[in-house]
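Undergrad: Just dropping this structure here.
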Amino acid sequence: MEAMAIVRQVVPLVGAGAVAFIAYRLAVGLQLRSRAESRVAALTGIQQQEEKVAFGSEAHRLRLAFRKLGLDVAGRERFARDVARIAAGVAVFIVLNTVLGLPTLTSLIGFAGGWILFNGLIDGAWAQVKQDIEKEIPLFLTGLSSTVQVTPNVLQAVEDELRTLQAGGALQTWLRDEFLPRCQREGFEALDGLTREAFGLSSSLGIVVFLLGRLWRTGGKEWETAFEMASKNLEGVLDARVLGQATGKSAKGSVRLIAGITAFVMVLILRNEALAATVQQPIVQLAYAGIILLMLFGWGFMNKLIDEAF
(Lines give C-alpha, C1' and ligand atoms only; values in the text may rest on other atoms or scores of the structure.)
Protein backbone atom coordinates (compact mmCIF):
# COMPACT_ATOMS: atom_id res chain seq x y z
CA MET A 1 0.00 0.00 0.00
CA GLU A 2 2.84 2.38 0.83
CA ALA A 3 4.47 1.62 -2.50
CA MET A 4 1.25 2.40 -4.35
CA ALA A 5 0.91 5.66 -2.44
CA ILE A 6 4.45 6.63 -3.42
CA VAL A 7 3.79 5.74 -7.06
CA ARG A 8 0.59 7.79 -6.97
CA GLN A 9 2.51 10.84 -5.78
CA VAL A 10 5.45 10.42 -8.14
CA VAL A 11 3.56 9.72 -11.39
CA PRO A 12 1.92 13.20 -11.66
CA LEU A 13 5.30 14.84 -11.05
CA VAL A 14 6.94 12.73 -13.73
CA GLY A 15 4.07 13.51 -16.10
CA ALA A 16 4.31 17.23 -15.43
CA GLY A 17 8.03 17.09 -16.09
CA ALA A 18 7.42 15.25 -19.35
CA VAL A 19 4.92 17.87 -20.52
CA ALA A 20 7.34 20.67 -19.61
CA PHE A 21 10.20 18.95 -21.45
CA ILE A 22 8.11 18.33 -24.58
CA ALA A 23 6.88 21.92 -24.63
CA TYR A 24 10.46 23.14 -24.08
CA ARG A 25 11.84 21.05 -26.95
CA LEU A 26 9.10 22.22 -29.29
CA ALA A 27 9.58 25.87 -28.38
CA VAL A 28 13.38 25.64 -28.62
CA GLY A 29 13.20 23.92 -31.99
CA LEU A 30 10.91 26.55 -33.42
CA GLN A 31 12.92 29.38 -31.86
CA LEU A 32 16.21 28.08 -33.27
CA ARG A 33 14.66 27.84 -36.71
CA SER A 34 13.36 31.40 -36.45
CA ARG A 35 16.79 32.67 -35.37
CA ALA A 36 18.51 30.82 -38.23
CA GLU A 37 16.14 32.42 -40.74
CA SER A 38 16.79 35.83 -39.18
CA ARG A 39 20.58 35.36 -39.51
CA VAL A 40 20.20 34.36 -43.17
CA ALA A 41 18.09 37.45 -43.80
CA ALA A 42 20.64 39.66 -42.01
CA LEU A 43 23.62 38.25 -43.93
CA THR A 44 22.08 38.06 -47.38
CA GLY A 45 19.45 40.73 -47.20
CA ILE A 46 16.95 38.19 -48.46
CA GLN A 47 13.93 37.25 -46.37
CA GLN A 48 13.13 33.56 -46.80
CA GLN A 49 9.60 32.95 -47.99
CA GLU A 50 7.38 30.50 -46.15
CA GLU A 51 7.09 27.24 -48.06
CA LYS A 52 3.84 27.16 -50.02
CA VAL A 53 1.38 24.39 -49.26
CA ALA A 54 -1.96 23.61 -50.87
CA PHE A 55 -4.84 25.56 -49.38
CA GLY A 56 -6.86 23.20 -47.16
CA SER A 57 -4.17 20.49 -47.10
CA GLU A 58 -3.13 18.76 -43.86
CA ALA A 59 -0.02 20.92 -43.60
CA HIS A 60 -2.07 24.08 -44.10
CA ARG A 61 -4.59 23.06 -41.42
CA LEU A 62 -1.80 22.26 -38.97
CA ARG A 63 -0.25 25.69 -39.55
CA LEU A 64 -3.61 27.29 -38.82
CA ALA A 65 -4.08 25.29 -35.61
CA PHE A 66 -0.62 26.14 -34.25
CA ARG A 67 -1.02 29.81 -35.15
CA LYS A 68 -3.92 29.87 -32.72
CA LEU A 69 -1.36 28.81 -30.11
CA GLY A 70 1.08 31.49 -31.24
CA LEU A 71 3.50 29.07 -32.93
CA ASP A 72 4.85 29.03 -36.48
CA VAL A 73 5.48 25.42 -37.52
CA ALA A 74 5.95 25.98 -41.26
CA GLY A 75 8.12 23.18 -42.62
CA ARG A 76 7.82 21.11 -39.42
CA GLU A 77 4.09 20.49 -39.33
CA ARG A 78 4.12 16.74 -38.72
CA PHE A 79 6.82 16.90 -36.06
CA ALA A 80 4.89 19.63 -34.23
CA ARG A 81 1.65 17.63 -34.59
CA ASP A 82 3.17 14.50 -33.04
CA VAL A 83 4.75 16.42 -30.17
CA ALA A 84 1.52 18.32 -29.49
CA ARG A 85 -0.51 15.10 -29.39
CA ILE A 86 1.87 13.59 -26.86
CA ALA A 87 1.86 16.76 -24.76
CA ALA A 88 -1.94 16.95 -24.83
CA GLY A 89 -2.18 13.28 -23.81
CA VAL A 90 0.18 13.76 -20.88
CA ALA A 91 -1.68 16.90 -19.80
CA VAL A 92 -5.05 15.12 -19.80
CA PHE A 93 -3.47 12.19 -17.95
CA ILE A 94 -2.24 14.54 -15.21
CA VAL A 95 -5.66 16.18 -14.90
CA LEU A 96 -7.39 12.83 -14.54
CA ASN A 97 -4.83 11.52 -12.10
CA THR A 98 -4.38 14.57 -9.87
CA VAL A 99 -7.53 16.68 -10.19
CA LEU A 100 -10.09 13.91 -10.53
CA GLY A 101 -8.07 11.47 -8.47
CA LEU A 102 -8.53 8.53 -10.82
CA PRO A 103 -6.16 5.57 -10.48
CA THR A 104 -3.07 5.57 -12.69
CA LEU A 105 -4.27 2.80 -15.00
CA THR A 106 -7.63 4.50 -15.52
CA SER A 107 -5.94 7.85 -16.16
CA LEU A 108 -4.05 6.36 -19.10
CA ILE A 109 -7.21 6.96 -21.12
CA GLY A 110 -6.04 10.57 -21.06
CA PHE A 111 -3.61 9.87 -23.89
CA ALA A 112 -6.51 9.00 -26.18
CA GLY A 113 -8.35 12.03 -24.82
CA GLY A 114 -5.41 14.30 -25.65
CA TRP A 115 -5.40 12.98 -29.21
CA ILE A 116 -9.12 13.79 -29.52
CA LEU A 117 -8.70 17.28 -28.05
CA PHE A 118 -5.84 18.19 -30.40
CA ASN A 119 -7.78 16.92 -33.42
CA GLY A 120 -10.63 19.12 -32.22
CA LEU A 121 -8.27 22.10 -32.20
CA ILE A 122 -7.32 21.40 -35.84
CA ASP A 123 -10.96 20.99 -36.91
CA GLY A 124 -11.92 24.17 -35.06
CA ALA A 125 -9.18 26.22 -36.72
CA TRP A 126 -10.24 24.98 -40.17
CA ALA A 127 -13.94 25.60 -39.43
CA GLN A 128 -13.05 29.19 -38.53
CA VAL A 129 -11.32 29.61 -41.90
CA LYS A 130 -14.42 28.43 -43.76
CA GLN A 131 -16.58 30.82 -41.74
CA ASP A 132 -14.20 33.69 -42.52
CA ILE A 133 -14.45 32.87 -46.23
CA GLU A 134 -18.25 32.94 -46.15
CA LYS A 135 -18.30 36.22 -44.23
CA GLU A 136 -16.30 37.97 -46.96
CA ILE A 137 -18.12 36.49 -49.96
CA PRO A 138 -21.07 38.97 -49.87
CA LEU A 139 -18.70 41.97 -49.93
CA PHE A 140 -16.65 40.37 -52.71
CA LEU A 141 -19.70 39.61 -54.87
CA THR A 142 -21.20 43.07 -54.40
CA GLY A 143 -17.99 44.75 -55.51
CA LEU A 144 -17.40 42.32 -58.35
CA SER A 145 -20.92 42.83 -59.74
CA SER A 146 -20.09 46.51 -60.16
CA THR A 147 -16.52 45.98 -61.37
CA VAL A 148 -17.45 43.65 -64.24
CA GLN A 149 -19.68 46.39 -65.62
CA VAL A 150 -16.61 48.49 -66.40
CA THR A 151 -13.90 45.81 -66.64
CA PRO A 152 -14.70 43.26 -69.37
CA ASN A 153 -11.78 41.03 -68.34
CA VAL A 154 -13.24 38.85 -65.58
CA LEU A 155 -9.88 37.74 -64.17
CA GLN A 156 -8.71 41.35 -64.01
CA ALA A 157 -11.95 42.29 -62.25
CA VAL A 158 -11.38 39.53 -59.66
CA GLU A 159 -7.80 40.70 -59.13
CA ASP A 160 -8.99 44.28 -58.62
CA GLU A 161 -11.55 43.17 -56.04
CA LEU A 162 -8.93 41.31 -54.02
CA ARG A 163 -7.77 44.67 -52.69
CA THR A 164 -11.12 45.18 -50.95
CA LEU A 165 -10.82 41.92 -49.03
CA GLN A 166 -9.08 41.46 -45.70
CA ALA A 167 -5.32 41.43 -46.27
CA GLY A 168 -4.03 37.90 -45.76
CA GLY A 169 -7.57 36.64 -45.23
CA ALA A 170 -8.65 33.16 -46.28
CA LEU A 171 -10.75 34.26 -49.26
CA GLN A 172 -8.08 36.63 -50.59
CA THR A 173 -5.40 33.97 -50.14
CA TRP A 174 -7.32 31.28 -52.02
CA LEU A 175 -8.31 33.55 -54.91
CA ARG A 176 -4.81 35.02 -55.21
CA ASP A 177 -2.77 31.82 -54.79
CA GLU A 178 -5.08 29.18 -56.27
CA PHE A 179 -7.85 30.58 -58.47
CA LEU A 180 -6.13 33.33 -60.45
CA PRO A 181 -2.78 31.57 -61.14
CA ARG A 182 -4.45 28.40 -62.38
CA CYS A 183 -6.94 30.29 -64.55
CA GLN A 184 -4.17 32.38 -66.07
CA ARG A 185 -2.00 29.32 -66.65
CA GLU A 186 -4.56 26.74 -67.80
CA GLY A 187 -7.42 28.88 -69.12
CA PHE A 188 -10.97 27.49 -69.12
CA GLU A 189 -9.65 23.97 -68.47
CA ALA A 190 -8.84 24.96 -64.88
CA LEU A 191 -12.45 25.75 -64.02
CA ASP A 192 -13.72 22.19 -63.50
CA GLY A 193 -10.91 21.33 -61.08
CA LEU A 194 -11.18 24.65 -59.27
CA THR A 195 -14.94 24.27 -58.88
CA ARG A 196 -14.55 20.81 -57.33
CA GLU A 197 -11.81 22.07 -55.05
CA ALA A 198 -13.90 25.09 -53.99
CA PHE A 199 -16.93 22.93 -53.18
CA GLY A 200 -14.63 20.75 -51.06
CA LEU A 201 -13.64 23.82 -49.05
CA SER A 202 -17.05 25.47 -48.81
CA SER A 203 -20.32 25.03 -50.70
CA SER A 204 -20.67 28.83 -50.89
CA LEU A 205 -17.17 29.21 -52.34
CA GLY A 206 -18.01 26.49 -54.86
CA ILE A 207 -21.06 28.45 -56.03
CA VAL A 208 -18.94 31.59 -56.36
CA VAL A 209 -16.37 29.79 -58.53
CA PHE A 210 -19.14 28.27 -60.65
CA LEU A 211 -20.67 31.73 -61.23
CA LEU A 212 -17.26 33.22 -62.03
CA GLY A 213 -16.59 30.41 -64.50
CA ARG A 214 -19.88 30.95 -66.32
CA LEU A 215 -19.31 34.69 -66.40
CA TRP A 216 -15.78 34.22 -67.76
CA ARG A 217 -16.82 31.69 -70.41
CA THR A 218 -20.05 33.36 -71.53
CA GLY A 219 -19.68 37.07 -70.89
CA GLY A 220 -22.10 39.62 -72.29
CA LYS A 221 -24.55 42.01 -70.66
CA GLU A 222 -27.23 39.35 -70.16
CA TRP A 223 -24.95 37.08 -68.17
CA GLU A 224 -23.61 40.04 -66.19
CA THR A 225 -27.20 40.78 -65.16
CA ALA A 226 -27.77 37.11 -64.31
CA PHE A 227 -24.54 37.09 -62.30
CA GLU A 228 -25.69 40.11 -60.31
CA MET A 229 -29.05 38.48 -59.51
CA ALA A 230 -27.42 35.19 -58.49
CA SER A 231 -24.93 37.09 -56.33
CA LYS A 232 -27.72 38.88 -54.48
CA ASN A 233 -29.48 35.58 -53.81
CA LEU A 234 -26.26 34.03 -52.49
CA GLU A 235 -25.61 37.10 -50.35
CA GLY A 236 -29.00 36.64 -48.68
CA VAL A 237 -28.22 33.00 -47.92
CA LEU A 238 -24.82 33.87 -46.48
CA ASP A 239 -26.23 36.65 -44.32
CA ALA A 240 -28.57 34.06 -42.80
CA ARG A 241 -25.64 31.71 -42.26
CA VAL A 242 -23.70 34.41 -40.41
CA LEU A 243 -26.62 34.73 -38.00
CA GLY A 244 -26.71 30.94 -37.72
CA GLN A 245 -23.02 30.87 -36.85
CA ALA A 246 -23.70 33.17 -33.91
CA THR A 247 -26.30 30.66 -32.73
CA GLY A 248 -23.73 27.91 -33.24
CA LYS A 249 -21.25 29.65 -30.95
CA SER A 250 -23.95 29.77 -28.26
CA ALA A 251 -24.58 26.05 -28.76
CA LYS A 252 -20.86 25.35 -28.34
CA GLY A 253 -20.95 27.26 -25.06
CA SER A 254 -23.78 25.00 -23.91
CA VAL A 255 -21.74 21.91 -24.81
CA ARG A 256 -18.79 23.19 -22.76
CA LEU A 257 -21.11 23.95 -19.84
CA ILE A 258 -22.54 20.43 -19.87
CA ALA A 259 -19.05 18.93 -20.03
CA GLY A 260 -17.93 21.13 -17.13
CA ILE A 261 -20.91 20.15 -14.98
CA THR A 262 -20.29 16.47 -15.73
CA ALA A 263 -16.63 16.80 -14.73
CA PHE A 264 -17.62 18.64 -11.53
CA VAL A 265 -20.07 15.89 -10.55
CA MET A 266 -17.38 13.27 -11.18
CA VAL A 267 -14.98 15.14 -8.90
CA LEU A 268 -17.59 15.26 -6.12
CA ILE A 269 -18.23 11.53 -6.42
CA LEU A 270 -14.54 10.66 -6.48
CA ARG A 271 -13.81 12.86 -3.47
CA ASN A 272 -16.64 11.36 -1.44
CA GLU A 273 -15.11 9.19 1.28
CA ALA A 274 -18.21 7.01 1.50
CA LEU A 275 -17.76 6.01 -2.15
CA ALA A 276 -13.96 5.70 -2.09
CA ALA A 277 -14.00 1.90 -1.83
CA THR A 278 -16.51 1.59 -4.66
CA VAL A 279 -14.46 3.82 -6.94
CA GLN A 280 -11.42 1.59 -6.51
CA GLN A 281 -13.23 -1.39 -8.02
CA PRO A 282 -11.90 -2.25 -11.51
CA ILE A 283 -15.36 -2.25 -13.12
CA VAL A 284 -16.07 1.23 -11.78
CA GLN A 285 -12.70 2.51 -12.98
CA LEU A 286 -13.36 1.13 -16.45
CA ALA A 287 -16.77 2.77 -16.44
CA TYR A 288 -15.24 6.13 -15.52
CA ALA A 289 -12.61 5.75 -18.25
CA GLY A 290 -15.35 5.02 -20.78
CA ILE A 291 -17.43 8.00 -19.62
CA ILE A 292 -14.45 10.35 -19.91
CA LEU A 293 -13.54 9.09 -23.36
CA LEU A 294 -17.14 9.36 -24.56
CA MET A 295 -17.41 12.85 -23.09
CA LEU A 296 -14.29 14.05 -24.93
CA PHE A 297 -15.36 12.35 -28.15
CA GLY A 298 -18.86 13.79 -27.83
CA TRP A 299 -17.46 17.27 -27.24
CA GLY A 300 -15.43 17.08 -30.44
CA PHE A 301 -18.29 15.49 -32.39
CA MET A 302 -20.82 18.11 -31.31
CA ASN A 303 -18.47 20.98 -32.15
CA LYS A 304 -17.88 19.53 -35.61
CA LEU A 305 -21.60 18.92 -36.09
CA ILE A 306 -22.40 22.51 -35.13
CA ASP A 307 -19.74 23.88 -37.50
CA GLU A 308 -21.11 21.85 -40.40
CA ALA A 309 -24.72 22.75 -39.60
CA PHE A 310 -24.05 26.50 -39.54
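The values are calculated or read from the model by the stated rules, or taken from the named source; none is laboratory data. All values reported here derive from a predicted model rather than from experimental measurement. Every residue, glycine as well, gets a Cβ built from its backbone with ideal geometry; the counts of neighbours run over all protein chains shown. Heads up: the accessible areas ignore ligands, DNA and RNA and are worked out on the full protein's heavy atoms, side chains in. Shrake-Rupley method; radii C 1.70, N 1.55, O 1.52, S 1.80 Å.
Undergrad: What's the carbon and sulfur percent of the range 129-309's accessible surface, probe 1.4 angstrom, rounded to a whole number?
TA: Ligands and nucleic acids excluded, carbon and sulfur reach 62 percent.
Undergrad: How much FRET efficiency would the formula 1/(1 + (r/R0)^6) give for LEU275 and ASP132, where r is the Cβ-Cβ distance and R0 is 41 Å, rounded to 0.05?
TA: In this case the efficiency is close to 0.30.
Undergrad: Residue-wise, which Karplus ³J(HN,Hα) couplings in Hz belong to the range 61-73, taking 6.51 cos²θ - 1.76 cosθ + 1.60, θ = phi - 60°, and x for glycine or proline?
TA: Those phi angles translate into 5, 5, 4, 5, 5, 6, 5, 5, 8, x, 10, 9, 10 Hz.
Undergrad: Under a crude label model (7 Å from the Cα following the beta-carbon direction), how far is ASP72 from LEU286 in nanometres?
TA: Here the modelled spin labels are 5.1 nm apart.
Undergrad: For a quick protection proxy, order the peptides 133-146, 189-202, 255-268 by their average other-Cβ count within 10 Å, most packed first.
TA: Result, highest mean first: 133-146, 189-202, 255-268.
Undergrad: Follow-up. Using only alpha carbon positions, build the gyration tensor of the range 129-309, then give the equivalent ellipsoid semi-axes as the square roots of 5 times its eigenvalues, largest first, whole angstrom.
TA: Output for the range 129-309: semi-axes of 51, 16, 12 Å.
Undergrad: Just how far, in whole angstrom, is the range 173-210 from the range 86-145 if you go by their alpha carbon centroids?
TA: 29
Undergrad: I've got another one for you. What are the ³J(HN,Hα) couplings of the range 107-119, residue after residue, when phi is run through the Karplus curve with 6.51, -1.76, 1.60 and θ = phi - 60°? Round to Hz, x for glycine and proline.
TA: Listing the rounded values in order: 5, 4, 4, x, 5, 5, x, x, 4, 5, 5, 5, 4 Hz.
Undergrad: Given R₀ = 25 Å, FRET efficiency for GLN149-GLU58 by Cβ-Cβ distance, to 0.05?
TA: 0.05
Undergrad: Moving on. How would you order 90-101, 115-126 from highest to lowest mean count of nearby Cβ atoms within 10 Å?
TA: 90-101, 115-126
Undergrad: Here is the link list: LYS68/LYS135; LYS52/LYS135; LYS68/LYS232. Which ones come out longer than 30 Å on Cα distance?
TA: Among LYS68/LYS135; LYS52/LYS135; LYS68/LYS232, the Cα-Cα distance tops 30 Å for LYS68/LYS232.
Undergrad: At 1.4 Å probe size, with every protein chain present, just tell me what the per residue accessible area of the range 129-309 comes to in Å².
TA: That works out to 54 Å² for each residue.
Undergrad: Hey, what do the phi angles of the range 141-152 turn into as Karplus ³J(HN,Hα) couplings, whole Hz, using 6.51/-1.76/1.60 and θ = phi - 60°, x for Gly and Pro?
TA: Values per residue, Gly and Pro as x: 5, 4, x, 5, 4, 7, 5, 5, 5, 10, 10, x Hz.
Undergrad: Run the quick spin-label model on ILE258 and MET229: label points 7 Å from Cα toward the beta carbon, then report their separation in nm to one decimal.
TA: For the pair ILE258/MET229, the computed spacing is 4.4 nm.
Undergrad: What whole-number volume per residue, in cubic angstrom, does the convex hull of the C-alpha atoms of the range 44-127 give?
TA: Taking the convex hull of the Cα positions in the range 44-127, it is 111 Å³ per residue.
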